[in-house]
1. What number of residues in segment 85-140 are away from the ligand (no atom under 14 Å from the Cβ) and closer than 27 Å to Y264 by Cβ?
2. Going by what's in this entry, would M70 be described as aliphatic (A, V, I, L, M) and away from the ligand (no atom under 11 Å from the Cβ)?
3. Do you know which residues across segment 99-140 are over 23 Å from L175 (Cα atoms) and either aromatic (F, W, Y) or out of contact with any helix residue (DSSP H, G or I) (no Cβ under 7 Å at 6 or more places or on another chain) (or both)?
4. Taking the stated definitions as given, is T106 in a strand (DSSP E or B), at pLDDT 95 or above, surrounded by 21 or more Cβ atoms within 10 Å (Cβ to Cβ) and in contact with a strand residue (DSSP E or B) (Cβ under 9 Å, 6 or more places away or on another chain)?
5. Find the residue count for segment 141-164, including only residues that are more than 16 Å from the ligand (Cβ to nearest atom) and out of contact with any helix residue (DSSP H, G or I) (no Cβ under 9 Å at 6 or more places or on another chain).
6. With among the small types (G, A, S), closer than 19 Å to L220 by Cα and touching a Ser or Thr at 6+ places or on another chain (Cβ under 6 Å) as the only criterion, which of S43, S50 stands out?
7. Having 3 or more residues that are away from the ligand (no atom under 14 Å from the Cβ) and touching a residue at least 24 places away in the same chain (Cβ under 8 Å) is the bar; report the strands (runs of 3 or more DSSP E) wholly within segment 187-270 that clear it.
8. Any chance you could count how many residues in segment 129-157 are without any contact (Cβ under 8 Å) to a residue 40 or more places away in the chain and in contact with a Phe, Trp or Tyr (Cβ under 9 Å, 6 or more places away or on another chain)?
Amino acid sequence: MLDIVIIEGDWKRDGAVCVRQAFGPDDMRLAEQAIDANLADLSPLAKRASADDDAPFIEDFCNWHRIPAMERFVRESPAAQIAAHLTGSSTIRLFHDHMLTKEPGTRQRTPWHQDQPYYNVEGSLNASMWLPVDPVPLDTSLQLIAGTHTGPWYLPRTFLDEQARWFPEGSLRELPDFDAEPDRWPKLAWALEPGDAVFFNFLTVHGAPGVTGTGRRRVLSVRFLGDDMVHAPRPWTTSPPFDGLDDELATGAPMIHPLFPELYRSRADT
Ligand SMILES: O=C(O)CCC(=O)C(=O)O
């Protein structure tokens, strides 16, 4: 399968690539069913990430175990194999699914951020897939800051009111003003058609504009754990939270747990 996938960009150098047309009609049908089923039945982890006077920007997390189409996409699509290829991992586990829908007219920008500092895992062999089921033009597509996957970690904040709910104020660097110095912080973005996806490292800084026009922007994201990813319990509630996990998995342990099923293992490793 991977022989015929077109990868645009340089994973090691930039921490993000665009993968063209790796997902066929069956995969896209499952992804769309998964998003629509999730929107129709939000979990307690769901949140609205836009203001009340804006169109809805709805996020939800960790629904694969209750939405059959989500689980089938995660297990049956080529996404985990692509994550293995990009990270050079022999084994890929699911970390979590994440649904992000901006309804038409959503002005809210997804602020620049890294995902890793919100999490309870550490390591460098990981990948997030960002798969829209609607066409996404360049000017509203996911934007990434090339090279930020090598660090440093920046202080994570809540999207709407910029609260430091995870690492305490002052304990990590503040995000630079990426937009003020475009030559220093090269941006990556791709126009995407259904079947295309962006893959990026958990530490790669990314954000996304609001949406224009009459189209929805429904995205299924899946987060994958490669060979060196280990448990990093935090004294605060991570996003997403994995309640009770700290009692079952030691600090620094590989993420071998039913919450994080193995999705891919290289033939050499079986
Ligand atoms: O879809 C978006 O607006 C932003 C995506 C994002 O932040 C993520 O996938 O982690």
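The values are calculated or read from the model by the stated rules, or taken from the named source; none is laboratory data. All values reported here derive from a predicted model rather than from experimental measurement. Please note: Cβ atoms are built from the backbone with ideal geometry, for glycine as well, and neighbour counts cover all protein chains shown.
1. The number of residues fulfilling the criteria is 16.
2. Numbers: aliphatic (A, V, I, L, M): yes; away from the ligand (no atom under 11 Å from the Cβ): yes.
Spelling it out, M70 is indeed aliphatic (A, V, I, L, M) and away from the ligand (no atom under 11 Å from the Cβ).
3. Hits for segment 99-140 are K102, E103, P104, G105, T106, P132, D134, P135, V136, P137, L138.
4. On the way: in a strand (DSSP E or B): no; at pLDDT 95 or above: yes; surrounded by 21 or more Cβ atoms within 10 Å (Cβ to Cβ): yes; in contact with a strand residue (DSSP E or B) (Cβ under 9 Å, 6 or more places away or on another chain): yes.
Taking the combined requirement at face value, the residue does not satisfy it.
5. Residues meeting the conditions: 6.
6. Working: S43 fails: touching a Ser or Thr at 6+ places or on another chain (Cβ under 6 Å).
Selected residue: S50, the only one of S43, S50 that is among the small types (G, A, S), closer than 19 Å to L220 by Cα and touching a Ser or Thr at 6+ places or on another chain (Cβ under 6 Å).
7. The strands (runs of 3 or more DSSP E) meeting that bar are 262-265.
8. Residues flagged as without any contact (Cβ under 8 Å) to a residue 40 or more places away in the chain and in contact with a Phe, Trp or Tyr (Cβ under 9 Å, 6 or more places away or on another chain) within segment 129-157 amount to 1.
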